[in-house]
Each structure stands twice: as structure tokens, then as C-alpha cells.
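These notes are about the structure you will find just below.
The values are calculated or read from the model by the stated rules, or taken from the named source; none is laboratory data. In this text the structure is predicted, and so the values were computed from the model without any measurement. Glycine gets a Cβ as well: all are built from the backbone with ideal geometry, and neighbour counts include every protein chain shown.
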Amino acid sequence: MKPLKLIATNLLLLLAISANAQITQPEDVGYPYNIFSYGAKAGLSYATATKGTANLAPDSRLGLYVGAFVEIPIVDELLSFQGELLYSAQGFERIYKIDGQEMTAEYHLDYINVPILAKYYLVRGFSLEAGPQFGFLINDKIKVPFPTEETPIPKEVSKYDFSVVAGTSFKFDSGLFISFRYTHGFSDAIKEIEAKNTTFQLGVGYEF
């Protein structure tokens, strides 16, 4: 639970930064703040999967994500379209008991994700974002203590993933921004047990 607490703490920090920035910044800077832009982003993924038809829900896997985005304004100072291309290390962990000893197996499900988001600005710099995400599986391996090398996951894994994204971000005038989002899968990542991906992401980026 420590990674989840860390993410929650940082989300509260994001909200505090946003509130403080709104107090200290000038009200009129003379130009719209949702201009056409592009940039890069990276951060941590706290991923797991739903229980599905399995007896127990899996534990979470901590990974990384990195990628690029483009923002296209639709309504000045109110609404933008944002498209992204991300590499995301996802999956989950599961604990097994073998001969009385606990063994942790790491299920690696890595994707190229394409979120297509509507970005709604509540105030200058602070926005809510939501929309569909299309994922393309590029790696499915399982790592266990013995043998130590990675091997393919024995259950049937879907090559495509459909999810819905919801999150928030705060953008500074310098172009630096902080973002937090939750992604919930609607297609079966592991077909045999009908398990779906769920992911929390916390990261930073820079807008050019």
C-alpha cells in the first residue's frame, strides 16, 4: 500500500500547488493559456488488474511510463483536445505458496498506449482530462524467483486493450506541468480469468 499512499500524497500536493498558484499569479496575462503545443512526459505507473474469475485479486506492480503529447485548443481558455503516445509498463504481482514458501511472480504487461482526451480548464493552468485510451501490447512476460529469467505468460493475453482515462493536471507558465490520472480497462487483459487492467499514474512533463 505504500506506493498508493505516495500517489495520494502527491495528488494532494498537486491540488495545493494549484490553489497557491491561482492566488499568486496575475489575473490577466493577455493571451489564452490553452494554445497549440506539444511536449514530453514521464512518471510512475501503479498498475494492477481486476480479480476477474480468479479466487484472489492480484497485487500491484510499480512501473514507469514515458511518451509525447500534442494539445489542440478547441475553445480558448476552456477546452482542448489532447492526444498522446505513451510507453507504459503495467501488469501485476501474485503471491504463491510452494512447499510452504511464499513466491512472488511478476506479470509484465507493457503497452504502447494512445489516449485521446478532452481537457477542460477550470482555472488558468488547472485542468481536468478524460477520454478513451487504446493500448497495444508489446511485451507479456512472467518473472519468478526460479528460474530468474522471464518467460511468456501461460494464459492467453489480449494483444489490444481498451480503457477509459480520467485525471487532472496543473501547468506552470514555464511549460512544466504535473499530472495525475486513473485508467480503468474495459477489455480482458488476461482472457482466461477475465482480468482487466487498472492503473494510477503520477508524473511530470514539459510543454514546448
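What the table shows:
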| quantity | calculated |
| --- | --- |
| Qualifying residue in region 49-63 (condition: of a type outside the set (F, W, Y), crowded, with 17+ Cβ neighbours inside 10 Å, in contact with a helix residue (DSSP H, G or I) (Cβ under 9 Å, 6 or more places away or on another chain) and at positive phi) | no |
| Subset of region 33-55 that is small (G, A, S) and not in a strand (DSSP E or B) - its residue that is nearest to Q201 (Cα to Cα) | G52 |
| Leading residue by the ranking (nearest to V165 (Cα to Cα)) among those in region 47-56 that are among the hydrophobic types (A, V, I, L, M, F, W, C) and over 12 Å from the mean Cα position of the chain (by Cα) | A49 |
| Residue check, D110 touching a Ser or Thr at 6+ places or on another chain (Cβ under 9 Å) and surrounded by 14 or more Cβ atoms within 10 Å (Cβ to Cβ) | yes |
| Qualifying residues in region 129-176 (those that are modelled with pLDDT of 80 or more and acidic (D, E)) - the one surrounded by the fewest Cβ atoms within 10 Å (Cβ to Cβ) | D173 |
| Residue count, region 56-79 (criterion: more than 21 Å from L202 (Cβ to Cβ) and of a type outside the set (A, V, I, L, M, F, W, C)) | 3 |
| Single residue of region 76-103 satisfying the filter (touching a Lys or Arg at 6+ places or on another chain (Cβ under 8 Å) and more than 26 Å from S187 (Cβ to Cβ)) that is surrounded by the most Cβ atoms within 10 Å (Cβ to Cβ) | S80 |
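Conditions tested, residue by residue: (1) more than 21 Å from Y160 (Cβ to Cβ); (2) of a type outside the set (V, I, T).
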site: A42; (1), (2): yes, yes
site: P58; (1), (2): no, yes
site: L64; (1), (2): yes, yes
site: G67; (1), (2): no, yes
site: V75; (1), (2): yes, no
site: S88; (1), (2): no, yes
site: D110; (1), (2): no, yes
